[in-house]
Structure formats: C-alpha cells, structure tokens
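Undergrad: To start, I am sharing the structure in question, which I have written as structure tokens.
Values in this text are rule-based calculations from the coordinates and carry no lab data. Keep in mind it's a predicted model, so treat the numbers as computed, not measured. Because the Cβ atoms are built from the backbone with ideal geometry, glycine has one as well, and the counts that use them run over all protein chains shown.
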Ligand code: NAD
Ligand code: MG
C-alpha cells in the first residue's frame, strides 16, 4: 500500500492511501481514528448506483450507523439549494461534531460534501473517497471546498483539510472515456509544473496511462498527489504565490468553458488547451524554449488531449478572462512555464493576450 502523509503546518496531518481495492477497508481505517458511530456518505446519483451500497456496507460492518445522501450528478449540484438540503439532512439525523462525512464521488461531490461538512456545526471530519481520475489526482487533496453562485464558479467555500483520503484506483474502472481524458489533463499539468523527471516519466508512459494500465495509473496518481501535497504544504491558502502553479493552463481553460458553455469540453481538455496557450505566451515573454512547447504538445496529443477546435471571438475570450475571480486589478496573470519544473506567475497585458488568442484562432483550419 502506498501512503502519502500530508502534513500542513497548523493542520492535523492526514494520510492519502493509494491502492487497488482499499475501499473495502474503509470501515477499519475510519475506526482507527474515530470512536463515533455515525457516518453520512454524500455521493451523486451516478456513483450511488455503482458504489453506494458497497461502501455503506463496509462502514456498517464496523458499527457505523450510516446514512447515504445522493445528489444529482453534475456540476449543478454544487448549489446553495443542494447544500441546504444536505444541511437539513444532517440536522434531521442529528449528526454531531464527531460524526464522519464520507465524500464518495468526483470533484463535485468532494467540493459539496467538503463545504457542507466543514460548515455544519462549524465543521465535521471529512473523508474523501474520490471516484474520478480528476478528483483522485487533484481535488480530493488540499482542502479547498466550494459551491457555485450564479455570479461564478466556486465563489463560496472554505479551506478545510480532509481527515483521510482513500484513493482506490479500482473505482476508476467504470469511469467513462471523456472523464478519463479529463483527468489526464490535470495529470499532464502536474507533471509539467512539477519536474522534468515527472514529465519524462509521463511522456514514456502516456500510452499506458491512456489505456488505463493499472500499474501506471497508480503511479500517476501517487506522483500527482505527492506533487499537490508538496504545493499545499508550502502554501495551503494560496497566499504565498506557490499554490498558484496549480492554475497552469487554467486562465484560458476557464474562458473556453464559459464561452462554449460548461461541459461542452471537459475541464481537462480545456486545461490542456490552456497549457498549449500559456507555453506559447511563455515563448514570447519569458523565453520558454520551442523544444518545451513541442514536447508538451506531443505529450498532450499522446493523452488524447487534442487541440480544441473551438472558434470564438478573441475579444470575448479576453473579456471572460478579465472577469475571472482570480483576476486582480484589471491585469491578467498567467502561470508561464520556463521549462519543465520551472515556472513563474506573470502579469500580461490584455493586448498581448489578445494577439495570442488571435493567433490560436487563426491556427484553426
Ligand atoms: P464530477 O464530480 O462531476 O464527475 C464527473 C462525472 O463522472 C459525474 O457525472 C459523475 O457522476 C461521474 N462519475 C464519478 N465517478 C464515477 C465512476 N467511478 N464511474 C462512473 N462515473 C463516475 O467531475 P470531476 O471532474 O470529478 O470534478 C469536477 C469538480 O471538481 C468541479 O466542480 C471543480 O470545480 C472541482 N474541483 C475542485 C478542486 C479542489 O481543489 N477542491 C480541484 C479541481 C476541481
Ligand atoms: Mg483544474
């Protein structure tokens, strides 16, 4: 079993375990750190049918009285309305501060369960059981929780580290192709930002990862979690300019998602496009080598993260970028790669961004 300990200053350290089949030991693991008899599993309507009852059973076998709450699947569940229903359900069964919340699902469930769990009675312990590749390599670790408002995604949330993360890669067997490739986008991002070593490993194993070779999948998950843990340990609240590296590729990604409509392209596919874009911006502004751009393009191609053929007005994309919640004082900030494992956050003028958006659009046949 592979175990990564996330030890953030000022927080209780927690384990992330990565292995095939470990969800069957979830009850015992929770028993090892809690004396409570109450658990609530929060999941979504799709994951419930696949894993809801079996996870409920492993908790019940260890004496946890377990209630399962399923929200509709998809991004729309990260709403104040659904959060309100969960808080009501928590109150109805009299969860108290010792009760455990188990988030069983992708990033949507993780964010929603994290948000409702970290606010109900000022915070219950939360256990993340990620079931998508994206949530395994990214959202289940690091303690950001959120719901969406009409005004924007993730506008209301908390920082609340989980008590334990159970990454059972067998749960990914049922994941649809699109969600698989989506997760590969965040893996590619982590590799490029982390180090040349991680990039080269991923480059050599891209085909096997795409084909879901169990050994390679596990190693990719472990490498991404170790990378994210290192970043979060240094900068848990995104105030030290370190955690921002996780936003590599995301400035354009968010604009594409908003312009095309959420869900038209997967998040990871948009991040990959954003990585291609940021690398070219880097060549213009910070001397990113052309060999880096070519190698990154090749990696993304190998992971089926194709160039997105989305036609949009560059001015409109720029406007969407400027309205992103992370934009400070009307200047656009981009994570720009200098090389593998080397990056900086740069303020880029709207004129230069517009030129590059135009170049991307012109490159579409
Ligand atoms: P998701 O949770 O919507 O899951 C995608 C789809 O896959 C859903 O329809 C779900 O029902 C289905 N699914 C999940 N597991 C499955 C399985 N094992 N088999 C079959 N189907 C399965 O999407 P996601 O990509 O996992 O997460 C996206 C969300 O994560 C966004 O809301 C984003 O804001 C959030 N996020 C949060 C953080 C963070 O640090 N908190 C980081 C990245 C993303
Ligand atoms: Mg992302």
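Undergrad: State, as an integer percentage, the relative contact order of region 15-66 based on alpha-carbon contacts under 8 Å between residues 6 or more apart. Walk me through the numbers on the way to the answer.
TA: Values: 33 pairs, mean separation 26.2, N = 52.
Across region 15-66, relative contact order equals 50 percent.
Undergrad: Further question: What is the chain's relative contact order, in percent, from Cα pairs under 8 angstrom and six or more apart in sequence?
TA: Values: 673 pairs, mean separation 52.1, N = 365.
Normalised by residue count, the contact order of the chain is 14 percent.
Undergrad: Determine, at each q value in 0.06, 0.08 (inverse angstroms), the log₁₀ of I(q)/I(0) that the Debye formula gives when each Cα of the chain is one equal point scatterer.
TA: Log-scaled intensity ratios, in q order: -0.21, -0.38.
Undergrad: Under the rule a/c < 1.5 gives rounded, and otherwise a/b versus b/c splits prolate from oblate, where does region 65-114 land using the Cα gyration tensor?
TA: Details: a/c = 2.10, a/b = 1.52, b/c = 1.38.
Note, shape of region 65-114 comes out prolate.
Undergrad: Out of 312, 304, 226, any idea which swings most in a Gaussian network model of the chain, alpha carbons joined below 10 Å?
TA: Result for the chain, Cα springs under 10 Å: 312 fluctuates most.
Undergrad: While we're here: Taking Cα atoms, how many degrees apart are the long axis of helix 107-119 and the longest axis of the chain, rounded to 10 and kept between 0 and 90?
TA: 60
Undergrad: Given a Förster distance of 35 Å, report the FRET efficiency between residue 158 and residue 218 from their Cβ-Cβ distance, rounded to the nearest 0.05. Please report the intermediate quantities before stating the final value.
TA: Details: r = 30 Å, r/R0 = 0.86.
The pair residue 158/residue 218 has a calculated efficiency of 0.70.
Undergrad: With labels modelled as points extended 7 Å from the Cα through the Cβ direction, what inter-label distance (nm, one decimal) is found for residue 177 paired with residue 11?
TA: So the two model labels end up 3.7 nm from each other.
Undergrad: Okay, next question. For residue 298 and residue 89, calculate 0.36 nm times their separation in residues minus their Cα-Cα distance, and state this gained length in nm to one decimal. Could you put the intermediate results ahead of the total?
TA: Details: separation 209, 0.36 × 209 = 75.24 nm, distance 4.82 nm.
Extending this stretch completely gives an extra 70.4 nm.
Undergrad: Another question about this same structure. Using a Gaussian network model of the chain with C-alpha springs under 10 Å, which one of 292, 340, 310 is most mobile by mean-square fluctuation?
TA: Among 292, 340, 310, the largest mean-square fluctuation in the Gaussian network model of the chain belongs to 310.
Undergrad: Can you tell me the orientation of helix 290-302 relative to the chain, as the angle in degrees between its alpha-carbon axis and the longest Cα principal axis, to the nearest 10?
TA: The two axes meet at around 50 degrees.
Undergrad: Run the numbers for residue 170 and residue 291: contour at 0.36 nm per residue of separation, minus the present Cα-Cα distance, in nm. Walk me through the numbers before you get to the answer.
TA: Values: separation 121, 0.36 × 121 = 43.56 nm, distance 3.64 nm.
Length gained, residue 170 through residue 291: 39.9 nm.
Undergrad: Counting other beta carbons within 10 Å of each residue's own, what order do 266, 195 fall into, fewest first? Working shown, then result.
TA: Details: 266 21, 195 16.
Least to most surrounded, the residues fall as 195, 266.
Undergrad: Between region 279-299 and region 340-365, how far is it from one alpha carbon centroid to the other, in angstrom?
TA: Region 279-299 and region 340-365 have Cα centres separated by 11 Å.
Undergrad: Kindly express, to the nearest 10 degrees and within the range 0 to 90, the angle between helix 214-234's C-alpha long axis and the longest C-alpha principal axis of the chain.
TA: 80
Undergrad: Post the alpha-carbon centroid distance, region 231-274 to region 99-171, in whole angstrom.
TA: Measuring centre to centre over Cα atoms gives 17 Å.
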